[in-house]
Amino acid sequence: MKKFSLTDLLIFIVSAELTGALSALASGSFSGLYSGVSQPPLSPPAFLFPVVWTLLYALMGASAYIIYREDDDLVNRSYALGYYVIQLAVNFTWSILFFRFELFGIAAVTAILLFALVAVMILSFRKVSRLAAVTNVPYLVWLAFASYLAIGVWYLN
C-alpha cells in the first residue's frame, strides 16, 4: 500500500467535485425546470440535490483514492479505477441530458445505466478494498432513488 498523501486524497476529491460542478454549470439552471415539471411522489425539494451530490462526490473521490493507494493487485486496481472513470463520465452527462436538453427519456435510461455501472464499480472496488466499496453504497442508494425520480418525470411529462 502506498503511503498516505493528503495532497493525493484532495486531488481525488476535488476532481470528483469538479466533475459535478462542471456538469451543473453545463446543465444551466436546474431549479426552474425542476419546479416546472410534474414530479413523482417523494420528490425532495430542489435545495437538497446540491447538498447530497456534494457529499456523494466527496465519497466517490475518497473511495477512488483508497483504490489508488492499493498496490497489491494492480490488475484489479486498474479495472476498478477504469469503472470509476466510466461511471463518472456517465454521471457527468446525466444532468446535461435532463436539465439542459430536457431529454427525460434518455436521462431516465442514463440513470439506470449509471446505477448498473456503479453497482459493477462497487463489485470491482470490493476486490481491492472493502472500505472503498462500502463507501459507495450511499451513492448506489441515491442513484436508485434518482432513477425512480427520472423515470417518474419522464412518465409524467
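No lab work stands behind these numbers, since they all come straight from the coordinates. Since the model is a prediction, treat every value here as computed from it, not as a measurement. Cβ sites come from the backbone with ideal geometry, for glycine too, and all protein chains shown count toward neighbours.
Points worth noting:
- In a DSSP loop and with at most 15 other Cβ atoms within 10 Å, the chymotrypsin sites (Phe, Trp or Tyr not before Pro) in the range 58-118 are Phe101.
- Among Ser27, Val52, Ala132 the positive-end extreme of the charge dipole of the chain (Cβ point charges): Ala132
- For the chain, size of Cβ-based charge dipole, Lys and Arg +1, Asp and Glu -1, in debye: 160 debye
- With Cα atoms, 0 to 90° folded angle of helix 104-126 axis to the chain main axis: 20 degrees
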